[in-house]
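A short write-up of the structure that comes next.
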Amino acid sequence: MLLTVSAFAACTGGKNTGAVVADPGVLTKSAAAESATVSLTEEFTSEIEPYKENDITPAATGVHINRILVDVGDKVQKGQLLVTLDPTQYTQARVQLKTVEDDYNRLLPVYKAGGISAQQIQQAKAQLDVQREAVANLRKNIEVRSPISGVVTARNYESGDLFAAQPILHVMQIDPLKVIVNISEQYFPNVKVGMPVELLVDIFPDKKFEGKVSLIYPALDAATRTFKVEVRVPNADRTLRPGMYARTIFDMGEKQGVMVPDVAVQKQVGSAERFLYVIRDDSVAERRSVTLGRQVGDRIDILSGIEPGEQVAVTALSKLYDGAKVSVKQD
């Protein structure tokens, strides 16, 4: 009996002293952060605008419109006659001017002879000048011409109407057109007058339009940290129209970046922070906050937070935390 108990005890003790298996940690796959050349193409959404536009109005109000020679949609050339006005006021003003001139010419020798005072002749001369100015203004308004080449986009009167405050016509120059783009201040050194810009318009998905930077505004907006750029867009076939939305694509050159798979990057809930896990040589996960740049395919440029050659976790990310032990799965 004693022998049997001893044997049982020896057997039981043997099981409790077996080897302990080490925890391998979180099983994950990794990828290396790689140095790569990144194309700096930026896209901005803007509204297409006429290159120039003008309200067609006479200088004086209360004038009857004699004829309007164009209608909405008509093409016009710079200097083309668009509107003629009732010449009645101009004719009456000329008659009045003749009367004032005669009065002044009659008073002038009287003044020289000492028959009237200097103040009286000065008043007569002032009245003559006022009347001459009125006639000159009315003469300009008998014929109203277009200051630009373009197309008529609005007509607010009919022949015979009395001109008030509203413009008679509105003319837009639509060849070329322009796009005003707000660009981040970081690209101020990259944008140059004359650089090409590509335009994409959603209603013409199969077409690409080419423009060039025609003007760079010299001051930045302090609130948005952006600067305005004017892009001139040829439009000889009149495909594009003012008011359309377009995506403008600027080629800002290239830079050396650090690329990682986009699946490695996570967003901190409740904040704008982006982070990833770097796998250190001691098989420990290190949480790193990163700043993101451009995405190219399934890879993303990391502006700060990681160096080329470092390994980042790409799977089992929900199980990782800063300092977690990891085991890298080999393909």
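Read-outs: derived from the displayed coordinates by stated rules, not from any lab. Keep in mind it's a predicted model, so treat the numbers as computed, not measured. When we count neighbours, we look across all protein chains shown, and the Cβ atoms used for this are built from the backbone with ideal geometry, even at glycine.
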**Message:** In the chain, if the dipole is taken from +1 on Lys/Arg beta carbons and -1 on Asp/Glu beta carbons about the Cα centre, which of 180, 160, 315 is farthest to the positive end?
**Reply:** 160
**Request:** Work out the length of the dipole vector of the range 58-155 about its Cα centre, built from +1 on the beta-carbon of each Lys and Arg and -1 on the beta-carbon of each Asp and Glu, and round it to the nearest 20 debye.
**Result:** 180 debye
**Item:** Potential extension, residue 99-residue 136 segment - 0.36 nm per residue separation minus Cα distance
**Value:** 11.7 nm
**Request:** Grab the beta carbon distance between residue 239 and residue 71, set R0 = 25 Å, and tell me the FRET efficiency rounded to 0.05.
**Result:** 0.65
**Request:** Evaluate 2.2 N^0.38 Å with N set to the residue count of the range 58-155, then give the Cα radius of gyration divided by it.
**Result:** 1.56
**Efficiency of FRET from Cβ geometry, residue 192 and residue 53, R₀ 35 Å, rounded to 0.05** = 0.80
**Message:** Could you tell me the extents of the chain's C-alpha atoms along the three principal axes, largest first, rounded to whole Å?
**Reply:** 162, 48, 37
**Complete:** Here, residue 267 and residue 303, labelled 7 Å along Cα→Cβ, have an inter-label distance in nm of 1.7 nm
**Prompt:** Any idea what the dipole of the chain comes to, in debye rounded to 20, about its Cα centre with Lys/Arg Cβ at +1 and Asp/Glu Cβ at -1?
**Reply:** 560 debye
**Request:** Figure the gain on full extension for residue 247 and residue 34 (residue separation times 0.36 nm, minus the Cα-Cα span) and round it to one decimal in nm.
**Result:** 73.6 nm
**Asked** Tilt of helix 118-142 relative to the longest C-alpha principal axis of the chain, in degrees (0 to 90, nearest 10)?
**Response** 60 degrees
**Asked** When Lys and Arg each count +1 and Asp and Glu each count -1, what net charge do the other residues less than 13 Å away from residue 190, Cβ to Cβ, add up to?
**Response** -2
**Prompt:** What trypsin sites (Lys or Arg not before Pro) does the range 121-170 have in DSSP loop regions with at most 14 other beta carbons within 10 Å?
**Reply:** none
**Item:** Count of lysine pairs in the range 100-209 with Cα separation under 22 Å (8 or more residues apart, or interchain)
**Value:** 5
**Request:** Can you tell me the FRET efficiency between residue 210 and residue 328 if r is taken as the Cβ-Cβ distance and R0 is 41 Å, rounded to the nearest 0.05?
**Result:** 0.25
**Prompt:** Local charge sum around residue 178 (other residues, Cβ-Cβ under 14 Å, Lys/Arg +1, Asp/Glu -1)?
**Reply:** -1
**Asked** Which of the peptides 273-283, 167-177 is most tightly packed, and how do the rest follow, judged by the mean count of other Cβ atoms within 10 Å per residue?
**Response** 167-177, 273-283
